[in-house]
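Beneath this line is the structure, given in structure tokens, with notes to follow.
The values are calculated or read from the model by the stated rules, or taken from the named source; none is laboratory data. All of these numbers come straight from a predicted model, not from anything done at the bench. All Cβ positions, even for glycine, are placed from backbone atoms using ideal geometry, and neighbour counts span all protein chains on display.
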Amino acid sequence: MKKTLLLLSVLLSFQSFSQIHIDANTPIYNGNGDNYDGPPPPPPLIPYVKLNTIINNEFTRQLTLVFAYEATDGVDKDLDVKNMDGDYPQDISFWIEDEDYVIQGLNFNLSKKIPLSVKAAVSTNFKFYISENDGFDDGQPIYIYDAIDMSYHDIRNTPYQVVVEPGKDTARFKISFTNNVTLGTNNAVRSILFISQDNKNQVLNVENPNNEIMKSFWLYDILGRSVISKDNLGTEQNFSFSTSGLTAGVYIAIFITADGAKITQKIIVSNSGN
């Protein structure tokens, strides 16, 4: 596997180009109106980015994004390479047409989000970071989007580390080139709800002063597990949810309005009553 990935890395460093026979006495045009006798310029590099993921501090999976104009959002047989390590209990891949890949061709666009597939046989620590890039704008951020709390993490500057629960998840993580939201919503939307944790009475309180229609509510722990959920909350001005059965820690509260707006807030549950 290592030999295969090394070979692919070398091959992906250069674009294929046609060999042209040039007579020794034939001058070469340099594009500026002058002739020169030097060799032709080397072929341009294919821009690429390598995403490393350290899994449980045991091994590192490397995924490569190759930027090519001819690439599509589907499977490109001349660019994309499948993940052949299906027996690994913990792993991460690109998710293309319901299959796992370790190399993906991409026609770059700022608005694109690239789905990732993660799997874990047990609770597993994943640490994402950009290990290498060539021919790609050094000033362009690269984010990991985490759907659990709708957060964006610039992994060019700081690794993003998170625990993934057992199972296979193809919807939680994506690579993004833009940070579309902060905490999952903007201030205008967020101001319709006031969310607070009352640790003394072990209750999560929510004020809905504008009687907005609330479609659903989820509370997630930092492992991404849903610990409380409720649908069809309605238009009540006040909601409350007992947190008495929860362990102390950080949680993510997510509310969905009737028109699909998402309101997200972190809360801290403490057993000390503070």
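Structural remarks
- The residues on offer are Ile222, Ile252, and the sole one that is under 23 Å from Ala147 (Cβ atoms) and modelled with pLDDT of 80 or more is Ile252.
- Given (1) modelled with pLDDT under 95; (2) within 20 Å of Arg172 (Cβ to Cβ), number of the condition Gln104 does not satisfy: (1)
- Selection of segment 167-187 for residues being modelled with pLDDT under 90 and not small (Gly, Ala, Ser) yields Thr178, Asn179, Asn180, Val181, Thr182, Leu183, Thr185, Asn186, Asn187.
- Residue check for Asp91: closer than 19 Å to Gly167 by Cβ and at pLDDT 90 or above: yes
- Selection status of Phe136, under 19 Å from Asn179 (Cα atoms), under 12 Å from the mean Cα position of the chain (by Cα) and in the same structural domain as Asp154 (by TED's automatic domain parsing): no
- Residue, farthest from the chain's Cα centre (by Cα), within segment 259-269, restricted to residues that are loosely packed, with under 14 Cβ neighbours inside 10 Å and outside any strand (DSSP E or B): Asp259
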